[in-house]
Each structure stands twice: as structure tokens, then as C-alpha cells.
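Visitor: Below is the structure I would like to discuss, written out as C-alpha cells.
The values are calculated or read from the model by the stated rules, or taken from the named source; none is laboratory data. Everything quoted here is computed from the prediction, not taken from an experiment. Here the Cβ positions follow ideal geometry from the backbone for every residue, glycine too, while neighbour counts run over all protein chains shown.
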């Protein structure tokens, strides 16, 4: 075997495999794979000793470990050749790949090594090598299947998300539909607006790079403004589920907040909001991760925002102001659409990692 990819939780499985393999086959490359939000072994090796993570993601709950074992660390630091991390979208894609190939349904922890194989060899020119990936675990919760299916295309870069800005007049929507009829549409959301411009949220499944690229550039030249939102996490996790209304009577400040995810956590989050809090927007979805992910809007007023932010700081909740996030501005802002508006929009959500 030229390469062996092994999932890492506390390090027991990879320590045993690496100790045996390196004894009998020292040239075999051992690659450990961890979730990017539970990388305790990678952290231990980089620091030279086990060090507890401040938080751990639980999407891949079989490897949700915050501290590498001292004995396993001593073995791993001398026997592992590489440790790489993968995110939840890449894990979801690996689950889909294995299911399509074998009709076997892996849990996220079991798909970790497959995701690592894809990522490790993505930019390496390697041929005629024997590669083994350890697929362990069989504890997939049924309620996660919807999330896995939704994120798998994004993780494999097989879906792209766009905002198409059209003139709000009879025939405009029909014209846009004619432009995309030959493409593989995964999502199409539209709501009539009162202004002279309307925004349409479009998901396209990747089938032909040339065809999709031509659509993107052609429509930007022919009067339809197309904005790529594929890398906008707020669009991927929230906006695609929220399209349908705009605030018209006041301005608002919008926050993205992470809080510890457990039964009743969302209720507890709402309970911590001091009265009176003028909430203008709220969206939450349980993704099976260690932290809940909430978008909340408040009427813009110092007497509301400052106490709210102080309360979040006291609770230790991670938050960021995303009022000017591009996808939120396009689909949920009350400001009428015009080119200068988009040129001024800058996403502020990239600093948050959930």
C-alpha cells in the first residue's frame, strides 16, 4: 500500500495502524484526516504537546474530540506523515460519492478519510498508486440526510449560486427563464418588488463549465446583472431559505451569531434577549454542528445595539455584524437596486467560522 488515509478522533485508530504499518512497510505514507473544527491531533503536533480545543464541531460526532490522547500523540508524532483537515461540505460530498458508487451510507466520521483522499490528491499529479481509506462507523442520524444532500453539491463545487438582477417590468422574468432553460437549475426563487429592479436567486448544477461561464458573462453584458454567491456562506446557509420579504419602514443592523448547540439552545438564545428588543429578522437552522447559527436583525438604534452586543459578549457568543453582506443586501435590504449600491457592498461575514 502506497497511502493509507485514517480518520482521527483521539488518535487510537491511527496510532495502532501507523505503528504496525510503519514497522512492516516504512515507505507507506500515513495520512490522518480530521474535521477542521475538531483538529485536536493536528493542533497537538503543531504545538509539540496535546492541547485542548476551546470548541469542537459535532457534525462528525464520532471524531468530535477536544484533546488528543497523550499515548496516541507520542505514537502519532513519530509515525504519521501528514495530517489534513476537511470541512463539513467536503464530508457531505464524500458521503454522496460512496453512496453513488456502492449504495453504502456512511456517517460523517466514516466518510472523513474519503474526503481526505479527494482533498489530498486534488492538486497532486499521482498515478498508479495503491490508496486505502479507512471508512469506520455506522451511526448516521436520519435528520441529517437533508443537510448532507443540500451541502454535498456545494462541497464538490457541483452547484453554483447566483443573484440575477432584472428590470421589474412585464416579460423580464420570462426573458431570464429563457436564458437559463438549457442549464441544470437546482433552485429558482423570485418575489416581485416595488422598485424598478428585482433580484432572482438561482442555483445551477455544474454540467458544463463553458456553458455556465458564458451565461455569467453574457448576462452581465446584456442588461441582466449576474452576481456569483457560491462562496457566500450567509447565502448558502440562510438567504436561500429566507427570500420573500423586505424591510420597508426602517433601517436595521443584522448579526450572525454562534451559540452552543444543544436541546433547547435556540429557546435559551431567544430568552437571553432583553426586552424590549425590536427584532426585524430572524433565521435559524439546526445543522447538527456544535454551534447554532443564527441571523438576527435589530432596528438600528444605539440603545438597542449596544446592550445587545454587551449581552452577547457576557454570554461568550461569537457574533459578527453582517448588515452589508452581499446576499443579504441583494435579497433582504430595503434599499432599491442600482449599480452604485452593489459596488459599495462589502461582505463582512468572512471572519466568522462555524
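Rundown of residues vs (1) in contact (Cβ under 8 Å) with a residue 40 or more places away in the chain; (2) in the same structural domain as residue 12 (by TED's automatic domain parsing); (3) within 17 Å of residue 35 (Cα to Cα), yes/no style:
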position: 86; (1), (2), (3): yes, yes, yes
position: 90; (1), (2), (3): yes, yes, yes
position: 93; (1), (2), (3): yes, yes, yes
position: 106; (1), (2), (3): no, yes, yes
position: 112; (1), (2), (3): yes, yes, yes
position: 125; (1), (2), (3): no, yes, no
position: 136; (1), (2), (3): yes, yes, yes
position: 145; (1), (2), (3): no, yes, no
position: 149; (1), (2), (3): yes, yes, no
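Rundown of residues vs (1) assigned to a helix (DSSP H, G or I); (2) over 25 Å from residue 260 (Cα atoms), yes/no style:
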residue	(1), (2)
15	yes, yes
27	no, yes
44	yes, no
89	yes, no
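Visitor: Would you tally the residues in the stretch 294-317 being part of a strand (DSSP E or B) and at pLDDT below 80? Can you show your working first?
Guide: Restricting attention to the stretch 294-317, the residues satisfying the condition of being part of a strand (DSSP E or B) are 294-299.
Now drop any that are not at pLDDT below 80, which leaves 299.
Number of matching residues: 1.
Visitor: Give just the number: which of (1) loosely packed, with under 15 Cβ neighbours inside 10 Å; (2) assigned to a helix (DSSP H, G or I); (3) touching a residue at least 60 places away in the same chain (Cβ under 8 Å) does residue 1 not satisfy?
Guide: (2)
Visitor: Right, here's the next one. Just one of 64, 60, 38 is in contact with a strand residue (DSSP E or B) (Cβ under 6 Å, 6 or more places away or on another chain), assigned by TED's automatic domain parsing to the domain that holds residue 135 and at pLDDT below 95; which is it?
Guide: 60
Visitor: If you check residue 57 against the conditions, is it part of a loop (DSSP other than H, G, I, E, B), under 20 Å from residue 92 (Cα atoms) and touching a residue at least 24 places away in the same chain (Cβ under 8 Å)?
Guide: Values: part of a loop (DSSP other than H, G, I, E, B): yes; under 20 Å from residue 92 (Cα atoms): yes; touching a residue at least 24 places away in the same chain (Cβ under 8 Å): yes.
Spelling it out, residue 57 is indeed part of a loop (DSSP other than H, G, I, E, B), under 20 Å from residue 92 (Cα atoms) and touching a residue at least 24 places away in the same chain (Cβ under 8 Å).
Visitor: Also, quick follow-up: I'm trying to understand the selection: among the residues of the stretch 187-226, which are at pLDDT below 75 and more than 28 Å from the chain's Cα centre (by Cα)?
Guide: Residues satisfying the conditions are 192, 193, 194, 195, 218, 221, 222, 223.
Yes/no per residue for (1) farther than 18 Å from residue 152 by Cα; (2) surrounded by 24 or more Cβ atoms within 10 Å (Cβ to Cβ); (3) more than 26 Å from the chain's Cα centre (by Cα):
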site	(1), (2), (3)
23	yes, no, yes
26	yes, no, yes
29	yes, no, yes
33	yes, yes, no
42	yes, no, no
55	yes, no, no
65	yes, no, no
96	no, no, no
107	no, no, no
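Visitor: Consider residue 337 carefully, then state whether it is surrounded by 18 or more Cβ atoms within 10 Å (Cβ to Cβ), more than 18 Å from the chain's Cα centre (by Cα) and modelled with pLDDT under 80.
Guide: Yes: the conditions hold for residue 337.
Visitor: Something else: Could you check how many residues of the stretch 69-84 are touching a residue at least 60 places away in the same chain (Cβ under 8 Å) and part of a loop (DSSP other than H, G, I, E, B)? Let's see the steps before the verdict.
Guide: Here is the first cut: in the stretch 69-84, the residues touching a residue at least 60 places away in the same chain (Cβ under 8 Å) are 72-73, 75-76, 79-80, 83.
Still in the list and also part of a loop (DSSP other than H, G, I, E, B): 80.
Of the residues in that region, 1 qualify.
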